[in-house]
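Undergrad: Take this structure, written in structure tokens, and hold onto it; I'll ask about it next.
Where a number appears in this text, it was derived from the coordinates with a stated rule and is not lab data. As the structure is a computational prediction, the values presented were derived from the model and not from experiment. FYI the Cβ positions are ideal-geometry reconstructions off the backbone, even for glycines, and counts take in every protein chain you see.
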Amino acid sequence: MIIKKILLITLFIFSYLNADTNLTAKEEAFLRNTNINAISTATWAPLNMYNDKKQLSGICIDFWELLKKKANIKSQTIIAKDWNTVLSNIENKSADITFGTSFDSKKLSYANFTTSYISFPIAFATLHDERFIPNSSYLEGKTVAVGENYSSHIIMKKNFPKINFVPVKNTEEALKLLSAEKVDAVIDILPVIAHLISHKGYYNLKISGTSKHEVNMTLMIRKDYKELKSILDKYIIKITAMEKEAIIKEWLTVKFDKRIIDYKYIFQALILIFIIVLFYTFKKMDLKKYNEKIEKLSKIDSLTNLNNRQAIDSKLTKLKGKRFSLVLIDIDHFKEINDIYGHKSGDEILIEFANILKTNLKKNQDIGRWGGEEFLLIYEGQTESQAAIIANDLKYIIENHDFKIRKVTASFGISEANKDSDIKNVLANADNALYKAKERGRNQVIISSNLIS
């Protein structure tokens, strides 16, 4: 019976993915009679960029080439100097389509958008010594450089109008401003920021967090080419999980190999993409147990095997209205460890540090990797003072532990929540206490309420 069910599911997948794409007579005529003028920048690596042979390449380019092959589209591509040039060419019909963008209702007067073919989270880059950014609201009041009219710019400007945006021509220009300390942060999608930081040598910068908002990549088509939109929509849903995985794996692993500064973000992005791909491919099937395993995987940090930020955020949401205390922990001088001993040694210390925290975990306590070298402990039903006793015990264990590579210490910030507390404020209080612990010399425990005069 089980074998029969597997065979039926396999047959269903095969039939679905290999079924003919039913084009209308009008769509078929459009493909026969139309030569498509595509346009793209080469300034949004690794989505669109020049390769070693000065040819246009990247994630979005690969998806376009795949769709062209599937639909038998005749086309050539113009390379524009910047994104605003792309938009003006689509608007005046000098070009017919561009590959790497997201839906924007303001452009519907001159363009249509296809179904999304892949999604990426928006990420924040800061100077290396800045603290972790738990969510987008932490950027309010800050100066944030962003590619003008980029999808990330449009999405974040709409949702966070209090951020002081500094529009520039592309993300590389934004990172130059950040590296020169002329802005507080840079935003763009995760693979773009990770690629530029590693490949352009911005070793004083880091990815400090991601937004809950994502950029859903689509193709933008001139308004009057409705047949082209409907053709591409039909072929986008036929892109298989294997085809998507091959493109993403190529650009987010092989091309980043040996030079990426911080692998954790890429691994987390790949897990998210993998889940999305599986969902859209198998959403009509009964794969409950398999999805449960994937769900569990998505909530585990790939390096330390602790809960990741997504899992911790979920836990905090469930605790709203209850009493608990938070302990935010940051490994002291971690940048120095990476700079002197290398990132491999830094990862070894993170793993050992996480093992210490897990070993000393007690009932009604949860722990996760909050980001980078920061960890968050949740103590249910406990006050700040009770949490401080446990934190001081951990501080003593850590400073006396043999990490082999070098002596390691940590700083602790503690805050308490009650039934009326806003989770965002509780996190901010713990972060402020941690900052004060760092400011006062590190390797100490600070309680948030003690900072109030």
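Undergrad: Quick one: order V186, V144, V86 by neighbouring beta-carbon count within 10 Å, fewest to most.
TA: V86, V144, V186
Undergrad: Also, quick follow-up: Set the Förster radius R0 to 41 Å, insert the Cβ-Cβ distance between N364 and L127 as r into 1/(1 + (r/R0)^6), and round the FRET efficiency to 0.05.
TA: 0.65
Undergrad: Could you work out how far apart the two model spin labels at Y203 and N72 are, taking each label as a point 7 Å from the Cα in the direction of the beta carbon, and quote it in nm?
TA: Using points 7 Å along Cα→Cβ, the separation is 5.4 nm.
Undergrad: Show the residues, 5+ positions off or on another chain, whose built amide H is closer than 5 Å to the amide H of S119.
TA: M217
Undergrad: So between T409 and K424, what do we pick up on full extension, going 0.36 nm a residue minus the alpha carbon distance?
TA: 2.7 nm
Undergrad: With each pseudo-label sitting 7 Å past Cα toward Cβ, what's the S119-S302 distance in nm, one decimal?
TA: Between S119 and S302, the simple spin-label model gives 1.9 nm.
Undergrad: Something else: Using per-residue counts of other Cβ atoms within 10 Å, averaged over each peptide, order 160-167, 211-218 from highest down.
TA: By packing density, highest mean first, the sequence is 211-218, 160-167.
Undergrad: Take every Cα pair under 8 Å in region 305-451 that's 6+ residues apart, average their separations, divide by the length, and report that relative contact order as a whole percent.
TA: Contact order relative to length: 32 percent.
Undergrad: Looking at region 119-215 only, what percent of DSSP beta bridges run antiparallel? Nearest 5 please.
TA: Once the DSSP bridges in region 119-215 are tallied, antiparallel ones form about 60 percent.
Undergrad: Quick one: order T143, T114, T24 by neighbouring beta-carbon count within 10 Å, fewest to most.
TA: Fewest-to-most Cβ neighbours within 10 Å comes out as T24, T143, T114.
Undergrad: Follow-up. How big is the gap, in Å, between the Cα center of region 192-239 and the Cα center of region 425-453?
TA: 39 Å
Undergrad: State whether region 119-215 is rounded, prolate or oblate according to the following rule on the C-alpha gyration tensor (a ≥ b ≥ c being the square roots of its eigenvalues): a/c under 1.5 gives rounded; otherwise a/b larger than b/c gives prolate, and the remaining case gives oblate.
TA: rounded
Undergrad: A follow-up question, please. Order of K438, K249 from fewest to most other C-beta atoms within 10 Å?
TA: In order of increasing Cβ crowding within 10 Å: K249, K438.
Undergrad: Report the full-extension gain for the segment I389 to R440: residue separation times 0.36 nm, less the Cα-Cα distance, to one decimal in nm.
TA: Result for the pair: 16.4 nm of gain on full extension.
Undergrad: Do you know the relative contact order of region 48-170, to the nearest whole percent, from alpha carbon pairs under 8 angstrom that are 6+ apart?
TA: Here the relative contact order equals 20 percent.
Undergrad: If you filter region 165-200 for trypsin sites (Lys or Arg not before Pro), then keep DSSP loop positions with at most 13 other Cβ within 10 Å, what is left?
TA: Passing sites in region 165-200 are K182.
Undergrad: If the viscosity is 0.890 mPa s and the temperature 25 °C, what Stokes-Einstein diffusion coefficient in µm²/s follows for region 34-113 when Rh is the Kirkwood radius over Cα pairs?
TA: For these conditions, the coefficient is 189 µm²/s.
Undergrad: Report the dimensions of region 305-451 along its three principal axes from the alpha-carbon atoms, largest first, rounded to Å.
TA: Extents along the principal axes, in whole Å: 45, 31, 23.
Undergrad: Ok, one more. Rounded to whole Å, give me the distance from the Cα center of region 20-51 to that of region 300-322.
TA: After rounding, the separation between the Cα centres reads 42 Å.
Undergrad: Highest mean first, how do 400-413, 370-383 rank when packing is the count of other Cβ atoms within 10 Å averaged over residues?
TA: Going from most to least packed, we get 370-383, 400-413.
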